[in-house]
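This report refers to the structure that appears directly beneath it.
The values are calculated or read from the model by the stated rules, or taken from the named source; none is laboratory data. The structure presented is a predicted model; accordingly, all values stated were derived computationally and were not measured. Neighbour counts are summed over all protein chains in view; Cβ atoms, including those assigned to glycine, are modelled from backbone coordinates with ideal geometry. Just the protein is used for accessible areas: all its heavy atoms, side chains included, with ligands, DNA and RNA removed. Shrake-Rupley method; radii C 1.70, N 1.55, O 1.52, S 1.80 Å.
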Amino acid sequence: MENSERKPRPRELGLEFGVLKTGPNNAITDVDGVLVGQVTLSDDARGMHTGVTAIIPHADNIFKHKVPAGVFLGNAFGKMVGYPQIKELGNLETPIVLTNTLNLAAAIDGLIDYTFSFEDNGDVRSINCAVGETNDGGINDIRARFVKPEHVLEALRNAKSGPVEEGCVGAGTGTRAFRFKAGIGTASRRLDANMGGYTVGVLVQSNFGGLLKVGGVEVGKALGGYPYQKEIESADGSIMMIVATDAPLDSRNLERLAKRAWLGMGNAGGIASNGSGDFVIAFSTNKAVRVEHTMQKLATPEAPGVRNDDMTPLFMAAIEATEEAIINSLFAATDTPTYDGQFAKALPVDTVMEMIKHR
């Protein structure tokens, strides 16, 4: 979808989430250094509706200049690659790639090629790739495995800062949430100077269920999705939530930050059904807390950090940005034909805004 065809974001329609200010793009790329690249694979005749979304913490060689990270498994019905080592060592050594469930191998291969492309990685013999997925098999002919390593490399090499395209793009091309077409969504929050002046950005791949709430209004029920929809979302689904910040956090506090994104998912109406893989990866781009490969220690001997007592504004930022990113993913999506001749309908935004207006 070209920018000229971009649908209005909720904020452009007068809908706000929470109390904190957004960054200039209201996107994960508002966090200094973060780049996002996407490749969209769409062909109605082939039933192809899938793709790749890549999130790069910084433009340097990440394997040599690792970033601290934390992971929270809200409901672990999923196939995330790289979790054990991130949990054990507390850092990322590759970008994060999002795709569909059956294309994890292609994503791994692409990340390996990307890591090998750096000249000073000539001695690398082991890479902990970070790959997340949701199952787009309800819309996309997932068994065809359309995503190839070259698509992953393309997304990584074309990653950029600035506005991030949302909806039916990249890894969100074939996803849906709350029975409606969804996709990629993003949002950010920037704290005032008295709270540290830090930025928190979130990107989501929405593909999950529950009772949709927009701005606190239970629009899902009014749109005919409940009560007891197939015994509470028996179709299941998943969501990947990526949280970035420039606050100098270690892996422990990044995991705590990741847990708050989960609360944002709940604010949007997610219920973490039995078969839903609900994962959060949080990382810090702050150079003071990078982990240098040669020493496997913090880049500075006494790196600054954020006290536990000062974490609350960051927690609030993650909650607000996650909720808004999810709603953005729904508002941006468009009607999409499925591989088996059905149709995934987009959220009726005009109807939703009328509900909110008259609440």
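How far is the Cα center of segment 1-76 from the Cα center of segment 95-134, in Å? Result: 18 Å between the Cα centres.
Springs between alpha-carbon atoms under 10 Å, Gaussian network over the chain: tell me which of 131, 217, 39 tops the mean-square fluctuations. Evaluated over the chain, the most mobile residue of the options is 217.
log₁₀ I(q)/I(0) of segment 1-123 at q = 0.10, 0.16, 0.18, 0.21 Å⁻¹, via Debye over equal Cα point scatterers, no solvent, to two decimals? Result of the Debye calculation: -0.45, -1.07, -1.24, -1.36. Rounded to a whole number, what % of the accessible area of segment 95-193 do carbon and sulfur atoms account for, probe 1.4 Å? About 45 percent, which is the carbon plus sulfur part of the accessible surface. With a cut-off of 14 Å, note down the residues of segment 191-225 whose backbone N falls inside the zone around a label point 7 Å from the Cα of residue 21 toward its beta carbon. Residues passing the 14 Å test: 191-200.
With both labels modelled 7 Å from their Cα along Cα-to-Cβ, the residue 359 to residue 101 distance reads 3.3 nm. Computed on the Cα trace of the chain, the radius of gyration divided by the Kirkwood hydrodynamic radius gives Rg/Rh = 0.96. Each Lys and Arg Cβ is given +1 and each Asp and Glu Cβ -1; about its Cα centre, segment 39-133 then shows a dipole of about 320 debye.
The convex hull defined by the C-alpha atoms of segment 106-209 has an orientation-averaged projected area of 9.4 nm².
Among 113, 340, 136, the residue with the largest mean-square fluctuation in a Gaussian network model of the chain, with springs joining Cα atoms closer than 10 Å, is 340.
Think of each Lys and Arg Cβ as +1 and each Asp and Glu Cβ as -1; about the Cα centre, that makes the dipole of the chain roughly 540 debye. The modelled label-to-label distance between residue 7 and residue 143, using points 7 Å beyond Cα along the C-beta direction, is 3.1 nm.
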